[in-house]
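Working notes, beginning with the structure itself.
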Amino acid sequence: VLLPITRTLLPLLCYNHLLVFPDSPRLDGLGDLIVLDSAHFNPCIENTFSKIRKEWMFKLVGKETFCVGAAKTKATINIDAVSGFAYEYTLEINGKSLKKYMENRSKTTNTWVLHLNGEDFRVVLEKDTMDVWCNGKKMETAGEFVDDGTETHFSIGNHQCYIKAVSSGKRKEGIIHTLIVDDREIPEILQ
C-alpha cells in the first residue's frame, strides 16, 4: 500500500537534509522515516544523496524524536488526530516549529555555496559565535581587525578564504558579512 508522503528540506550547518515520512500512519503503526543527506543535494538526481532509513513504530498520535546531521540536531515529528482517520504531522527542530526554526536560523547564520576544484562546499557562519563551518566541519579560523571592520580567515584546501564583517551604517541592517575566496566575492544564499 502506497501512502502519501511529506518531504521537508532542512538546511543545517553541514548540508541539506531531506526528511521523508508518511502523511498518515498505517493501521499496523509501522512506517519509515527516511533522511536523505548531501552536500550537494539535487532531488532530481538519485545518486546525489545517501539514505539513512529508519524503521519507526509510528503511533497513531504522539511524537517521534530523532537526530539529524553530524551536530545531532534534535527533530520531532508530532502526529495529531484532526478528525476521524485524518492526521496532521508537524515537524519541530530543537523544540521550535520548522517555520520558527528557519526564521531564527536566517537571523543567526549566513550561508554560501561554492564550487571549487570539482567539489561543492557549503560555508556557514554562525553570527553569534563567529564559528565558521564548511560541509559540517568546524573550521580553524584567525580573526583580524581591518580599517573598515573585521576579517575571519580560513582555508578550504589550498584556497584562501575570509569573511569580511562591516557595519551597514543602518541600525536595522546591522553588520554585513561577505565571503571572499581567492579574492572573489561569493554571493550568499538566502534560506
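The values are calculated or read from the model by the stated rules, or taken from the named source; none is laboratory data. Everything numeric here is computed off the predicted structure, so don't read it as measured data. Cβ coordinates were reconstructed from backbone atoms using ideal geometry, including for glycine residues, and neighbour counts include every protein chain displayed. These accessible areas exclude ligands, DNA and RNA; they are computed on the full protein's heavy atoms, side chains included. Shrake-Rupley method; radii C 1.70, N 1.55, O 1.52, S 1.80 Å.
Quantify, in whole percent, the carbon and sulfur part of the accessible surface of region 107-186 (1.4 Å probe; protein heavy atoms only). Walk me through the numbers on the way to the answer.
Numbers: 2300 of 4900 Å².
Carbon and sulfur together cover 47 percent of it.
Ranking request for peptides 162-168, 61-67: highest mean number of other beta-carbon atoms within 10 Å first, then the rest in descending order. Could you put the intermediate results ahead of the total?
Working: 162-168: 16.9, 61-67: 12.9.
Sorting 162-168, 61-67 by mean packing, highest first, produces 162-168, 61-67.
For region 107-186, what is the accessible area per residue in Å², given a 1.4 Å probe and the full set of protein chains?
Values: 4900 Å² over 80 residues.
Using a 1.4 Å probe on heavy atoms only, each residue of region 107-186 averages 61 Å².
In nm, what is the difference between 0.36 nm times the number of residues separating ASN117 and ARG171 and their Cα-Cα distance? Kindly include the intermediate steps, with their values, before the conclusion.
Values: separation 54, 0.36 × 54 = 19.44 nm, distance 3.89 nm.
My answer for the length gained is 15.5 nm.
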